[in-house]
Each structure stands twice: as C-alpha cells, then as structure tokens.
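Notes to accompany the following structure.
The values are calculated or read from the model by the stated rules, or taken from the named source; none is laboratory data. The structure displayed is predicted, hence computed values, not measured ones. Note: ideal-geometry Cβ built from the backbone for every residue, glycine included; neighbour counts use all protein chains shown.
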Amino acid sequence: MISPGTKSKSQDLTPLIELVQDEMQMVEDWLGTNLIDDNPFVGELLKQIFQAGGKRLRPLIVLLSGRATGKDNEIGRLHIILAVLTELIHTASLVHDDVIDSSDLRRGKETINKKWNERVAVLMGDLLFAQASICLARLMNPPVVGIYGQVLGDLCAGEIKQMRHQFNIDADWDTYIQKSIGKTASLFSAGSHSAAILNGQDNDTVLALKSYGLNLGICFQIVDDMLDITGDFDSKNKAGGVLKPVGGDLRNGVLTAPVLYALAQGGKDSERLRKLIEERLVVEDAGNQEGLSIISRSCAIEKTAELAQKYADDACRDISILPDSPYKDGLCALTEFIMSRAKSN
Ligand code: FPP
Ligand code: MG
C-alpha cells in the first residue's frame with residue numbers, strides 16, 4: 001500500500017491496484033465469467049480477449065476515483081459495474097482499431113482479425129459494446145448514460161480525425177490534441193467523473209475529476225505516441241505497453257507529438273522528414289527507419305516528454321481539492337506510472 005503523501009515512482013502498478021484489490025478482483029471475475037456466451041466459439045473468443053492481459057488502467061481510474069470521492073472512501077456495486085463497462089468499451093474499441101490498422105499483434109498475441117477474420121472481429125467488438133450498454137442500463141443514472149454515449153461518439157470522431165489527417169504534413173497541434181482527447185482522454189475522463197457522479201458529489205468535485213481524467217488521458221496518449229518512436233518489444237512489455245513493433249504510427253502517416261516537434265525544429269533534417277512523409281517513403285522500411293532516426297536525434301523526444309509531464313502535473317493539480325486519502329494519492333501516482341513508461345526507454 002502507498003501511504004498518504006507518498007508517491008510511487010515505480011513502473012509497477014501493483015501498489016495502486018492493492019488500494020482497490022477486492023474491487024479489482026470483482027471486475028476481473030466479471031470480465032472472466034459474466035460475459036461467457038452460450039455459444040462456445042464466442043465464449044472462447046471472449047476468453048482470448050480478456051486473458052490477453054492489459055493493464056486494467058481504466059477500471060483502476062474508476063475505482064480510485066470512486067473511493068477518493070466516496071463517503072468515508074466507500075464504494076459499492078455500481079462502481080464495479082462502471083469499472084467493468086469502461087474496460088468493455090476500451091477493449092471493444094481496440095478490437096475495432098486492430099481491424100482499422102490491420103494489426104496482427106496486440107499485447108504480444110494474435111489479434112482477432114489475424115487469428116480469425118475481420119468480420120468476426122467487427123462483430124466481437126460490437127458484442128462487447130452491447131455488453132457495455134447492458135452494464136450502463138444497470139447504473140440507472142441518465143447523466144452517466146449521456147456521458148458514455150458522448151464517449152462512443154468521441155472515440156469514433158477521434159479515429160476518423162486521425163484517418164483524415166494521415167500523411168497531412170500541415171496537421172497542427174490542435175488537431176493532435178483534439179484527436180488524443182477523442183481517442184483516449186474522453187474515456188479516462190468519463191470514468192473518473194462518472195465515479196464521482198455515482199457518489200452524488202457536488203459540481204466542483206465532479207468537474208475536478210472530469211479535468212483530471214482528461215489531462216491524464218492526454219498524458220497517456222502522448223507517452224504512447226512517444227513509445228511508438230523510442231520503444232522496443234521488451235521495454236514496452238515491461239512497461240505494460242502494447243508489444244508492437246515501433247514506427248507503426250509513422251508508417252501509417254499518423255503525425256504524433258514527436259513528429260510535430262521534429263518537423264517544427266527546422267533545418268535539413270526537418271525538410272527531409274517532411275519529404276519522407278509527404279512522399280509516403282515512411283511506409284517502406286528504409287524510409288521508416290530514416291524517419292525514426294531523424295526524430296530520435298532531434299530534440300523531439302525530450303520536448304514530447306516535457307509536454308506529457310505538463311499534462312501529468314495538471315492532472316495532479318486538478319484533484320488538489322479532494323480530501324487527503326490514499327486514493328487521492330493513488331490517482332496522483334497514476335500520472336507517475338504513466339510518465340515512468342516514457343522514462344523506461
Ligand atoms: C488505439 O489507438 C485506439 C483507440 C484508443 C480508439 C479506437 C476507436 C475506434 C476504433 C472507434 C470505436 C468504435 C465505436 C463504435 C465506439 P492507437 O492505434 O494509437 O493505439 P495502439 O497502438 O494501441 O493500436
Ligand atoms: Mg492502433
């Protein structure tokens with residue numbers, strides 16, 4: 001357990017999970033048993049999806065936010081359901097994302113689209129969204145239903161925005177941050193502030209948790225984008241990452257924070273990077289490698305880490321209004337966990 005006032009510097013999420021150990025186990029049991037379908041094939045696929053691992057970061061955010069804003073730091077069954085449905089939506093979006101990206105690997109294991117086919121993967125994603133809807137109905141809380149409805153729209157809009165700007169050398173910071181909010185931060189934020197809503201918290205507290213989730217999510221996406229440049233199979237694994245080859249974003253013409261910084265630096269390297277992207281040379285191994293080297297030897301990685309740290313700091317500041325508790329400290333320590341992924345490379 002982390003005690004009040006101390007912060008975990010470790011890449012290890014265990015001390016934070018221990019704060020809500022019993023509830024996390026209930027979430028795990030739910031994902032492992034309640035979803036098992038009558039159809040053995042579907043049941044097998046569900047098992048494959050949820051046993052493939054994952055950090056369970058989103059359920060953790062929900063449970064810590066629930067306890068940090070709960071009366072006497074208590075939470076109940078509704079928070080477990082909220083944590084489950086948040087993980088279901090996240091997992092569903094990844095199953096669909098792997099179809100969109102034609103990815104063969106997720107968390108070091110074959111994706112559903114690779115192992116079976118894209119039609120099965122689309123339907124499995126839909127099935128998970130359907131399960132999340134059932135959980136949402138069980139909360140009997142219209143504002144939370146509205147928040148999660150918005151999240152589904154944000155996820156799609158974020159993904160569409162990313163698609164529309166592929167290889168667009170003129171994409172700007174606003175596009176990048178808005179896309180990161182849609183793809184990632186929107187769900188983090190829904191989880192953190194819905195947990196406070198379920199506790200009947202006042203508006204200031206709900207808004208603080210909303211902003212916390214947003215800043216934490218943007219920080220997470222920036223670090224993820226950085227790992228796509230600096231990571232490797234092993235370090236991504238140790239850091240609880242996605243176990244994918246590096247350079248995938250660049251290969252797909254997805255311009256993330258490190259690329260934007262490298263392009264803005266000016267000089268010959270920036271010009272060459274611009275050409276590699278514009279002429280889609282980054283799609284090929286040689287061009288991709290050259291692009292990665294240019295980014296790595298520029299100041300882009302350092303600046304990207306600084307940007308992520310700014311969002312991490314903002315997230316901790318957001319929740320300063322909460323009463324002191326190990327759960328509040330846990331929420332703040334989550335920012336350090338995310339930043340430690342960036343520093344592990
Ligand atoms: C992973 O991003 C993808 C997401 C965080 C969201 C994807 C969202 C969709 C596919 C839309 C969901 C559909 C509905 C119906 C709500 P990434 O590709 O940057 O990360 P990765 O490296 O883990 O693949
Ligand atoms: Mg992807």
(message) Regarding the stretch 97-108, can at least one residue be identified that is within 12 Å of ligand 2 (Cβ to nearest atom) and β-branched (V, I, T)?
(response) yes
(request) Just one of (1) modelled with pLDDT under 95; (2) within 11 Å of ligand 1 (Cβ to nearest atom); (3) of a type outside the set (F, W, Y) trips up K109, so point out which. (result) (2)
(request) Only residues in the stretch 82-110 that are of a type in the set (A, V, I, L, M) count as the first member; pair them with residues that are within 12 Å of ligand 2 (Cβ to nearest atom) and in a helix (DSSP H, G or I), Cβ under 6 angstrom, at least 6 apart or cross-chain, and list the lot. (result) V99/N113
(message) For the list (1) touching an Asp or Glu at 6+ places or on another chain (Cβ under 6 Å); (2) farther than 22 Å from V62 by Cα; (3) buried (at least 22 other Cβ atoms within 10 Å of the Cβ), I need the number of the one condition that I169 fails.
(response) (3)
(request) May I ask you to say which residue of L78, L13 is under 22 Å from M339 (Cα atoms), more than 16 Å from ligand 1 (Cβ to nearest atom) and surrounded by fewer than 23 Cβ atoms within 10 Å (Cβ to Cβ)? (result) L13
(message) I want to confirm something. Restricting to the stretch 175-204 and keeping residues that are β-branched (V, I, T) and in contact (Cβ under 8 Å) with a residue 24 or more places away in the chain, which single residue is nearest to ligand 2 (Cβ to nearest atom)?
(response) T184
(request) Scan the stretch 122-136 for residues that are surrounded by fewer than 21 Cβ atoms within 10 Å (Cβ to Cβ) and within 16 Å of ligand 2 (Cβ to nearest atom) and jot them down. (result) V122
(request) Can you confirm whether the stretch 106-126 contains a residue that is within 15 Å of the chain's Cα centre (by Cα) and closer than 23 Å to V151 by Cα? (result) yes
(message) Of the residues R56, R67, only one is crowded, with 19+ Cβ neighbours inside 10 Å, more than 16 Å from ligand 2 (Cβ to nearest atom) and on the phi > 0 side of the Ramachandran plot; which?
(response) R56
(request) Please enumerate the residues belonging to the stretch 265-304 that are of a type in the set (A, V, I, L, M) and surrounded by 13 or more Cβ atoms within 10 Å (Cβ to Cβ). (result) L273, L276, I277, L281, V282, V283, L292, I294, I295, A300, I301
(message) So F50 ticks every box in (1) within 16 Å of ligand 2 (Cβ to nearest atom); (2) touching an Asp or Glu at 6+ places or on another chain (Cβ under 9 Å) but one. Which box is left unticked?
(response) (1)
(request) Read through the list (1) surrounded by 19 or more Cβ atoms within 10 Å (Cβ to Cβ); (2) within 13 Å of ligand 1 (Cβ to nearest atom); (3) farther than 18 Å from L31 by Cβ; (4) not aromatic (F, W, Y), then give the number of the only condition that C156 fails. (result) (1)
(message) Looking only at the stretch 274-314, count every residue that is under 13 Å from L255 (Cα atoms), of a type in the set (D, E, K, R) and either assigned to a helix (DSSP H, G or I) or touching a Leu at 6+ places or on another chain (Cβ under 6 Å) (or both) and tell me the total.
(response) 2
(request) Could you tell me which of the residues D98, D104 is touching a strand residue (DSSP E or B) at 6+ places or on another chain (Cβ under 8 Å), surrounded by 17 or more Cβ atoms within 10 Å (Cβ to Cβ) and either more than 20 Å from Q221 (Cβ to Cβ) or not hydrophobic (A, V, I, L, M, F, W, C) (or both)? (result) D98
(request) Would you point out which residue out of A300, A312, A262, A286 is among the small types (G, A, S) and under 20 Å from R58 (Cα atoms)? (result) A312
